[in-house]
1. What helices (runs of 4 or more DSSP H), lying completely within the stretch 22-106, carry at least 1 residues that are modelled with pLDDT of 90 or more and among the hydrophobic types (A, V, I, L, M, F, W, C)?
2. Provide a single number: the residues in the stretch 1-16 that are within 13 Å of residue 51 (Cβ to Cβ) and of a type in the set (A, V, I, L, M, F, W, C).
3. Please go through the stretch 55-89 and give me each residue that is of a type outside the set (Phe, Trp, Tyr), surrounded by 10 or more Cβ atoms within 10 Å (Cβ to Cβ) and without any contact (Cβ under 8 Å) to a residue 12 or more places away in the chain, ordered by number.
4. Report yes if residue 45 is more than 30 Å from residue 92 (Cβ to Cβ) and touching a residue at least 24 places away in the same chain (Cβ under 8 Å), otherwise no.
Amino acid sequence: MVNWRISNDLKEIALTFRNNGWPLEDICELLGVLRASCYWWREILEEHGDVSRPPAPLVGPTCKITHAILGAIEQPYSEDSDLFLDEVCTWLAVEHNIEISTSGMS
């Protein structure tokens with residue numbers, strides 16, 4: 001089966017048919033959906049009150065260097081423009097108590 005987006009209307013129709021006693025095999029054949037999808041939509045509906053999942057929150061690593069720190073990094077570069085990354089990392093550790101690797105800094 002091809003990976004395609006299924007509209008919320010079709011999901012709701014499938015669940016309505018199921019709630020009205022239709023056999024799952026007939027629903028899947030009629031609408032061209034997988035059995036697993038029907039189970040998945042029912043779980044989502046019970047959990048969120050709608051057949052579509054809410055968007056996932058954006059998560060990722062916490063940024064150690066804020067805009068204020070980026071502005072502060074200009075200070076050592078203004079005094080010596082030939083600084084290496086390891087020197088900037090050392091400066092951040094001493095001046096701002098931020099430990100960051102040179103690869104993280106780059």
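The values are calculated or read from the model by the stated rules, or taken from the named source; none is laboratory data. All values reported here derive from a predicted model rather than from experimental measurement. Cβ placement follows ideal geometry from the backbone for every residue including glycine, while neighbour counts extend to all protein chains displayed.
1. Numbers: elements: 24-31, 35-48, 67-79, 85-96, 102-105.
In the stretch 22-106, the matching helices (runs of 4 or more DSSP H) lie at 24-31, 35-48.
2. Counting residues in the stretch 1-16 that are within 13 Å of residue 51 (Cβ to Cβ) and of a type in the set (A, V, I, L, M, F, W, C) gives 5.
3. Taking the stretch 55-89 first, the residues of a type outside the set (Phe, Trp, Tyr) are 55-76, 78-83, 85-89.
Filter once more, keeping what is surrounded by 10 or more Cβ atoms within 10 Å (Cβ to Cβ): 64-66, 69, 72-73, 75-76, 83, 85-89.
Within the stretch 55-89, 66, 75, 83, 87 qualify.
4. Details: more than 30 Å from residue 92 (Cβ to Cβ): yes; touching a residue at least 24 places away in the same chain (Cβ under 8 Å): yes.
Answer is yes for this residue.
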